[in-house]
Amino acid sequence: MSDLSRTVPQEQLPSEDLHPLQMPVINLGHLSLDSATRSRVVDDIAKASRDLGYFQVINHGISQSVMDSALEAASEFFKLPSETKEKFASEELRRPVRYDTSSKDSISMSRAFLKHYAHPISEWIQYWPQEPPIYREYMGKYAAEVRRVALHLMEAILEGLGLGKEYLNEKFHEGSQLLSVNCYPKASQSATSIGLGPHSDYGFLTILLTSCQGLEVVDPSTNIWKRVQQLPHALHVHIGDHMEVLSNGRMKTVVHRALLNSEEARISIASIHGFALHEKVTCAKELVDEENPPRYKESSFSDFLDHLTANMDNKHRNFLESLRM
């Protein structure tokens, strides 16, 4: 559920040795300590969201067993016979569960994916795959846990924007959660090295769990692709298009892509968090004045899906650019 968000470098794989990434790592457990420590962590999150659009989090409260079980459930699903998986195949972007091996947003190059809604889980889990038998239980536990992390992060980011952690609290708690479960094959010399092309995510936040290395982000200071290191027990956090809109451009969505791993197949689970389907996201009025007029039109998740449907054959017609005023 993503699209190109801005001009990105050419599809030329950089050398990790030449372009090492200094990724901010945030200890989320420190948000629960004394007010001075919390304030420092909020500042660190705000700085990373403003300057880079990405960071990693540790001490987030999700156990390694829950994370490993979610990756196991995903891996077992993709091992199922094609006819079983294709029961979920659809070109309708609004289906509650959708499987495909090519994306209608024109950015998938070598991946299979399963996308499904996850909040409220009591409403959506009935549509999830029943095979493998572990899928609903293991993925459901992870979905609930990662949503808790997302809400804590949203509070910190809103606090860092000066809006207060209770800002639009009800809309965030009633908002949507989409899981994009991806399988990238092991790289081969005869095939493309890119599994998923350059894109940004539509929502406020994306929290990414991966089985091995393969994620790259654009460094906004150099406009160069940089490979993200795989830290033990860490989750990747990406600022999405709607966060850039809400912040009136103070925080920037991150352009990223997925490379195929030369040693093994790669599983990733992206949990994308936004408002409810038809709830409009606007520039926060508290961040708008004469010197900082609104920079973006209002939009919803539903508007994003309409945009994808209307631009299936034009991968350079990106959602965020369509919102700029």
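The values are calculated or read from the model by the stated rules, or taken from the named source; none is laboratory data. Not measured: the values here are computed from a predicted model. A quick note on method: Cβ atoms are made from the backbone with ideal geometry, for glycine too, and the neighbour counts reach across all protein chains shown. SASA here: full protein model, heavy atoms, side chains in, ligands and nucleic acids out. Shrake-Rupley method; radii C 1.70, N 1.55, O 1.52, S 1.80 Å.
If only residues of segment 153-195 that are among the β-branched types (Val, Ile, Thr) and either surrounded by fewer than 17 Cβ atoms within 10 Å (Cβ to Cβ) or modelled with pLDDT of 95 or more (or both) are counted, the one that is nearest to Ile239 (Cα to Cα) is Ile157. State yes or no: is Lys252 open to solvent by 10 Å² or more (accessible area, probe 1.4 Å), of a type in the set (D, E, K, R), touching a Leu at 6+ places or on another chain (Cβ under 9 Å) and part of a strand (DSSP E or B)? No; evaluated as a whole, the condition is false for this residue.
Within segment 202-214, is there a residue that is more than 22 Å from His60 (Cα to Cα) and among the hydroxyl-bearing types (Ser, Thr, Tyr)? Checked segment 202-214: at least one residue is more than 22 Å from His60 (Cα to Cα) and among the hydroxyl-bearing types (Ser, Thr, Tyr). Of everything in segment 16-26 that is at pLDDT 90 or above and open to solvent by less than 40 Å² (accessible area, probe 1.4 Å), the residue that is farthest from His233 (Cα to Cα) is Pro24.
Scanning segment 105-123 for residues that are modelled with pLDDT under 95 and under 13 Å from Ser180 (Cβ atoms) returns Asp105, Ile107, Ser108, Arg111, Ala112, Phe113. With respect to Ser262, is the statement that it is open to solvent by less than 60 Å² (accessible area, probe 1.4 Å), outside any strand (DSSP E or B) and of a type in the set (Gly, Ala, Ser) true? Against the criterion (open to solvent by less than 60 Å² (accessible area, probe 1.4 Å), outside any strand (DSSP E or B) and of a type in the set (Gly, Ala, Ser)), Ser262 does not qualify. For segment 266-325, a residue qualifies if it is more than 19 Å from the chain's Cα centre (by Cα), in a loop (DSSP other than H, G, I, E, B) and surrounded by 19 or more Cβ atoms within 10 Å (Cβ to Cβ), and the qualifying residues are Cys283, Ala284.
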